[in-house]
Amino acid sequence: MRSDRSSAPLSLKIAAAAGLAFLHLPILLIFVYAFTTEEKSYQWPPPGFTLRWFEVTWNRPDVWQALGLSVQVAAISTVIALVLGTLCAAAISGSKFFGREAVSLLVILPIALPGIITGIALRSAFSLAEIPFSMWTIILGHVTFCVVVVYNNAVARFRRVSGSLVEASMDLGANGFQTFRYVILPNIGTALVAGGMLAFALSFDEVIVTTFTAGQQQTLPIWMLEELVRPRQRPVTNVVAMVVVLVTFLPILAAYYLTRDGDQIAGSGK
């Protein structure tokens, strides 16, 4: 039997392989330079390999301080974004009112704007209101785009949940909280988890908005940028970069697996 699927031409396969190599080989170089014995420059090939830089990184208190701040900011930003993004998605998908599309556009707009515009706007607002820079100013900056990630995931899932399920729950005597707990949440739960993971990953490695809202504080990405200009112990930056790659890659991978079967929603298509 002949297959209906035609094989891709060789030129397309080569182009795809070249594109993937262009995207991922620089990341592999980060991992290689984390083990190099050279501490002042990036020689290729590396003169030797060592595990010394992992011990040096482990004993650097500034690394732990920057890592702790990044985790705190990302975690709090994700929680706030989950609440606001879910409520906004429920309002947009579950009701009709004048200006609904305009509100939806305004919610999505922050992630479409260049980060430097958002950063300048927030810094100007904080200065005008005389709000001192702190962890909370960073969080406010990150929430602006984390809400969008959660909203996009939640609103897509809300629109696939049949309204007849909510009506049936109400007809059976359930109140609003019970309907949300036992009917809506099980159907949108994976979308919220995926949105939260993506929001955490975006917040953890954000640089531009953080630069304008952090003041003298250093999140891990800001710390890495400043370390790159120092002439010694540059492999420490690569070790930290490995951590950032893993911390951001795992949530994104988990989010992919959680949302790939999003068509299996109770009551969808009915």
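The values are calculated or read from the model by the stated rules, or taken from the named source; none is laboratory data. Predicted, not measured: the structure shown is a model, and the values here were computed from it. With ideal geometry, Cβ positions are generated from the backbone for all residues, glycine too; neighbour counts draw on all protein chains shown. Note: accessible area is taken over every heavy atom of the protein model, side chains too, but ligands, DNA and RNA are not part of it. Shrake-Rupley method; radii C 1.70, N 1.55, O 1.52, S 1.80 Å.
Quick one: if you stick a label point 7 Å off each Cα along the C-beta vector at Ile30 and Gln65, how many nm between them?
Label-label distance for Ile30 and Gln65, simple model: 2.4 nm.
Over region 68-135, give the accessible area per residue in Å² for a 1.4 Å probe, as an integer.
Per-residue accessible area for region 68-135 comes out at 59 Å².
How do 10-16, 109-115 rank on mean C-beta neighbours within 10 Å, highest first?
109-115, 10-16
In whole Å, how far is the Cα centre of region 111-131 from that of region 47-104?
18
What FRET efficiency do you get for Trp58 and Ala21 if R0 is 35 Å and r is their Cβ-Cβ distance, rounded to the nearest 0.05?
So the FRET efficiency works out to roughly 0.60.
Assuming 0.36 nm per residue, please report the length gained on full extension of the stretch Glu130 to Leu51 beyond their Cα-Cα distance.
Once the chain is fully extended between Glu130 and Leu51, it gains 23.8 nm.
Considering only protein heavy atoms and a 1.4 Å probe, what is the carbon-and-sulfur percentage of the accessible area of region 40-168?
70
What are the residues whose amide H is under 5 Å from the amide H of Thr36, where those residues sit 5 or more places off or on another chain and H is modelled from the backbone?
Amide H to amide H, under 5 Å and 5 or more residues apart or across chains, Thr36 pairs with Thr50.
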